[in-house]
Amino acid sequence: MPSHLSVLLLRGLLSTALAQEPALDAEAPAVEPKESIWAFIESADGTPASPEVRAATQEMVEERIAELGNVGSVGAAPPIEYYLDPFGATALDPLHLDKVDPKEFDIPVVTNSEVKKWMEYFLGRGRKYYSRYLERSTQWLPMMHRQIEARGLPKDLTYLSMIESGFSTGATSYASAAGLWQFMTYTGKDYGLRIDWWVDDRRDPEKATDAALRYLADLNKMFSGDWWLSWASYNGGQGRVMKATRYAGTTDFWKLSAGSYLHTETDNYVPKLIAAAIIGKHPERYGFVGLKYLPEWKFDAVEVPASTSVAVMAKCAGMTEDAFLALNPALRRYALPPEPAVQKVRIAVGKTASFKENLAKVPKEEQLTLQRHTVKRGESLGSIARKYNLSVSEIARVNRIGNINNISVGMELVIPSNGAVAAADPLRSTETGGSSSSSSKSDPPPKAESKTTASSASSAPATTTKTVAAVTHTVKSGDTLSGLASKYGVSTSQLQSWNKMKGTGIQVGQKLIVKAASTTTVAASTSSTTKAASTSSSSSSSKSTSYTVRRGDTLSSIADRYGCSITELKSWNGLKGSTIYPGQKLKIKG
């Protein structure tokens, strides 16, 4: 029987994953780190869980709670069909045990009462989860089968990954196991997986599969070819299983599981795997039809210099950043680690040539775009953004921070060293030798100079033009137009205008422009214009304008919009706190 603690942890993890985010405030100071349920699935550096990881973990927790019902822990009950039509439900064998042929499998299969219990679970309250696992299976099975065949192992070992993670790279257990094969950190490192601030190879499908197969082969050798004991050891640890065989005086797994030698989870692990394999061999037989199977995971592998940012790599490959990260789920930061000097990444099939050509055109200083910042006591996301001359939304996006209040003292953040790189086209300057301040290819040609203009050219300041591409946001569950406006420091009406919207309704998956493209012309300082510039600046600083606060505005977003500090806003308007309200008039100087 699972421990009371494990049930509480599962329920706590689920409630945390589903919790509503509090009101956003970029000026909220970093909180002191404290214990939370996410401490079980995230490392001490405070890395925020990505939306994919949270969704996969939520699904895993829900499925594990459903399993507890199946083993009699929390409200086990027969399927609803038994109440609606008890005679019809029992007239025929829904498990089709007479059709199960052990010769179809390359792993040992039996159909005892424990296996039947888990078959009933997968066909009853666990059906929706098993359906999802089947749909995902086609994404990974070809790669897994290639590795399995190369090692001469049973192909049906893939069902171990199914019951471990549901074929999800983002799945994380309450015990901190992660990835397709649910490696614990210490076991993963023992089998050569890199797990540090930059990378978590437990989420890398190829590397984790290789490590899992080597681990299973070692366990199988340790237990003299007994796959049942090998699987039990994968779940509960080989030391515990060996100890159980000595105490019980037998290596028969079913005798061990009938006693009190192993944890209940391990007792159920082996029959659960066998049940998953029996149904998975003929899913249509058990009513799994009309499923939307995912396409096979395919990619091209390319070599890239260390520390190259995700934004640059995705753009050079002609991919979205989300699509790039889906092919490279082991990346924990928004850039490759600083070592080794050259690293392999995955890009879309057929993009190798264009990727290499594009990457060669990106200036080196724009490939290496990140640095680390450790959050100090008293800092807020807003103050950190101002320190590095970035927007709050840029830092939140690069660090996968869904709630800008969610930073804590000691947390390490990735900081783009050039604020434009995260949002702009990294190839924007290739037509002019790679200078980031040069005109882009899309800039209009200069007009012919008049005689007057030409004669005064020596006294006019030189100018450079910088084009920044529009920033888009893919709508996620729970997003609202006003919330996105607040997050990106813009108004709701601006979002409506940029996206040609009449109302405020948005849909999950919809792509919205959240920052319009802009072109900035900058005058270079010269000795002949310094005095004029100084006079102009002095004159403009004495002027002021009025801004009417809109719903969703914060002092931080208004300060970002007008290029001033929050302290200046407060000073100009005699504000003591940070509270503002819709309709309020604020004075903006300069």
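Details
- Among residues of the stretch 576-588 being surrounded by 15 or more Cβ atoms within 10 Å (Cβ to Cβ) and at pLDDT 85 or above, the one that is farthest from V549 (Cα to Cα) is I588.
- Qualifying residue in the stretch 308-318 (condition: at pLDDT below 95, of a type outside the set (G, A, S) and part of a loop (DSSP other than H, G, I, E, B)): no
- One residue alone among Y121, Y130, Y159 is surrounded by 18 or more Cβ atoms within 10 Å (Cβ to Cβ), in a helix (DSSP H, G or I) and at pLDDT below 95, and that residue is Y121.
- Residue check for F105: surrounded by fewer than 19 Cβ atoms within 10 Å (Cβ to Cβ) and either over 30 Å from K221 (Cα atoms) or touching a helix residue (DSSP H, G or I) at 6+ places or on another chain (Cβ under 7 Å) (or both): yes
- Pairs, first of a type in the set (A, V, I, L, M, F, W, C) in the stretch 85-101, second at pLDDT 90 or above, C-beta under 7 Å, six or more apart: L95/K116; L95/M119; L97/T111; V100/T111; V100/I278
- Qualifying residue in the stretch 275-298 (condition: more than 30 Å from M119 (Cβ to Cβ) and within 28 Å of the chain's Cα centre (by Cα)): yes
- Complete set of residues in the stretch 550-569 that are more than 15 Å from G382 (Cα to Cα) and basic (K, R): R550, R551
- Residue satisfying condition, being in contact with an Asp or Glu (Cβ under 7 Å, 6 or more places away or on another chain) and exposed (fewer than 15 other Cβ atoms within 10 Å of the Cβ), within set K281, K298, K292: K292
- Taken over the stretch 343-392, the criterion of being surrounded by 16 or more Cβ atoms within 10 Å (Cβ to Cβ), in a strand (DSSP E or B) and out of contact with any Cys (no Cβ under 9 Å at 6 or more places or on another chain) is satisfied by Q343, V345, R346, L368, L370, H373, S380.
- Unmet requirement for Y261, which otherwise passes all of (1) in a loop (DSSP other than H, G, I, E, B); (2) in contact with a Gly (Cβ under 9 Å, 6 or more places away or on another chain); (3) of a type outside the set (G, A, S): (2)
The values are calculated or read from the model by the stated rules, or taken from the named source; none is laboratory data. What you see is a predicted model, and the numbers here were worked out from it, not measured in a lab. Every residue, glycine as well, gets a Cβ built from its backbone with ideal geometry; the counts of neighbours run over all protein chains shown.
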